[in-house]
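Below is one structure, written out as structure tokens, with a few remarks after it.
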Amino acid sequence: MCPSASPHPMSRDPADSASVCVVLAQAFIDDPFYRAVTIESALDEVRRQRVLARYFELAIAEGNVIGEVQYAGTDGAAIWITGQASDTEVALQGAARNQALAALLGANGYANYTCICDAMAARVPARLANAWYLSILGVRPAARGRRLAHDLLELTLNRADQQGATCFLETFNRLSLPFYHRLGFVEERQCFEEITGRPYWILARHVA
């Protein structure tokens, strides 16, 4: 099924971005990274869902400024950092994001966020420095199995191919590896993240 035939046509303009953020919070509720950064809400799942939804609001805002965001109606989204923004735009967006996340996550959650992100960034191979980065891909749990994730990625991957851009991502989900392999991603390296105590994978899709 091609994207145009999807029951939820892909779009860069969401019908309801707040609902998309709630969906992303549901999709990543058990992800070890998001567990670690919401540690201060660990005993209150309702609050943790609200914190995650706000986290994804900030991620979408970042993608809109220094990348692009694709939506499957309100059933999911793919957030990319495409490396096409200016250094000034990237710096300003990064400062605004970090200030907002520090207030949102609290001292312990933000400390985990910075430690994890810094360590993961240090392990990205230098050859991927200018690659397009898939920051977040999430689909409503009840809508999985309908190719929405595939269709969400296909739009940006096709554009990357046209521009000769390599793409990469990081995932803690071993079960997602076959999905990404089918889209042309290959494993660059397997790593171990100390704070979560979990392995994760760096995958890249190189220009043919």
Exercise for review: Specify the residue that is farthest from LEU148 (Cα to Cα); the eligible residues are those in region 167-208 that are assigned to a loop (DSSP other than H, G, I, E, B) and in contact with a strand residue (DSSP E or B) (Cβ under 6 Å, 6 or more places away or on another chain).
Suggested key: PHE172
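Only one of ALA18, ALA85 is surrounded by fewer than 21 Cβ atoms within 10 Å (Cβ to Cβ) and either part of a helix (DSSP H, G or I) or within 15 Å of the chain's Cα centre (by Cα) (or both). Can you tell me which?
On the way: ALA85 fails: either part of a helix (DSSP H, G or I) or within 15 Å of the chain's Cα centre (by Cα) (or both).
On inspection, the qualifying residue turns out to be ALA18.
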Exercise for review: Scan region 140-161 and report the pairs whose first residue is free of Cβ contacts under 8 Å to residues at least 40 places away in the same chain and closer than 28 Å to HIS206 by Cβ and whose second residue is of a type in the set (A, V, I, L, M) and part of a helix (DSSP H, G or I), with Cβ atoms within less than 9 Å and a gap of 6+ or a chain change.
Suggested key: ARG144/ALA27
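Taking into account only those residues within region 25-44 that are within 24 Å of ALA78 (Cα to Cα) and free of Cβ contacts under 8 Å to residues at least 60 places away in the same chain, which is surrounded by the fewest Cβ atoms within 10 Å (Cβ to Cβ)?
Filtering region 25-44 for residues within 24 Å of ALA78 (Cα to Cα) gives 25-38.
Filter once more, so that each one left must be free of Cβ contacts under 8 Å to residues at least 60 places away in the same chain: 25, 29-30, 34.
Values: ALA25: 21, ILE29: 15, ASP30: 8, TYR34: 21.
Taking the candidates together, the pick is ASP30.
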Study note, to complete from the structure: The correct count of residues that are in contact with a helix residue (DSSP H, G or I) (Cβ under 6 Å, 6 or more places away or on another chain) and touching a residue at least 24 places away in the same chain (Cβ under 8 Å) in region 82-91 is 2
Study note, to complete from the structure: Of ALA25, ALA72, the only residue that is modelled with pLDDT under 95 and not polar (S, T, N, Q) is ALA72
Check your understanding: Within region 156-163, can one find any residue that is closer than 20 Å to ARG123 by Cβ and not aliphatic (A, V, I, L, M)?
Key -> no
Point to revise | Extreme residue, farthest from TYR133 (Cα to Cα), among residues of region 27-60 that are under 12 Å from the mean Cα position of the chain (by Cα) and of a type in the set (Gly, Ala, Ser) | key: ALA27
Practice item. Taking HIS206 as the residue in question, decide whether it is at pLDDT below 95 and either closer than 24 Å to ALA121 by Cβ or within 13 Å of the chain's Cα centre (by Cα) (or both). Key: yes
Check your understanding: So, of the residues in region 167-182 that are surrounded by fewer than 16 Cβ atoms within 10 Å (Cβ to Cβ) and in contact with a His (Cβ under 9 Å, 6 or more places away or on another chain), which turns out to be nearest to ASP31 (Cα to Cα)?
Key -> PHE179
Check your understanding: Can you name every residue in region 166-208 that is farther than 15 Å from TYR133 by Cα and basic (Lys, Arg)?
Key -> ARG174, ARG182, ARG189, ARG198
Review point. Since LEU43 meets every condition but one in (1) farther than 27 Å from ALA160 by Cα; (2) part of a helix (DSSP H, G or I), which condition does it not meet?
Key: (2)
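How many residues does region 155-166 hold that are touching a strand residue (DSSP E or B) at 6+ places or on another chain (Cβ under 8 Å) and part of a helix (DSSP H, G or I)?
So the answer is 4.
Out of region 125-152, which residues are among the aliphatic types (A, V, I, L, M) and either touching a strand residue (DSSP E or B) at 6+ places or on another chain (Cβ under 6 Å) or modelled with pLDDT under 95 (or both)? Break it down into steps so the answer makes sense when it comes.
So in region 125-152, the residues among the aliphatic types (A, V, I, L, M) come out as 126, 128-129, 131, 134, 136-137, 139, 142-143, 148-149, 152.
Listed by number, the residues that qualify are LEU128, ALA129, ALA131, LEU134, ILE136, LEU137, VAL139, ALA142, ALA143, LEU148, ALA149, LEU152.
The values are calculated or read from the model by the stated rules, or taken from the named source; none is laboratory data. Since the structure is predicted, the reported quantities are computational estimates derived from the model, not experimental observations. As a convention, Cβ positions derive from the backbone with ideal geometry for all residues, glycine included, and neighbour counts pool all protein chains shown.
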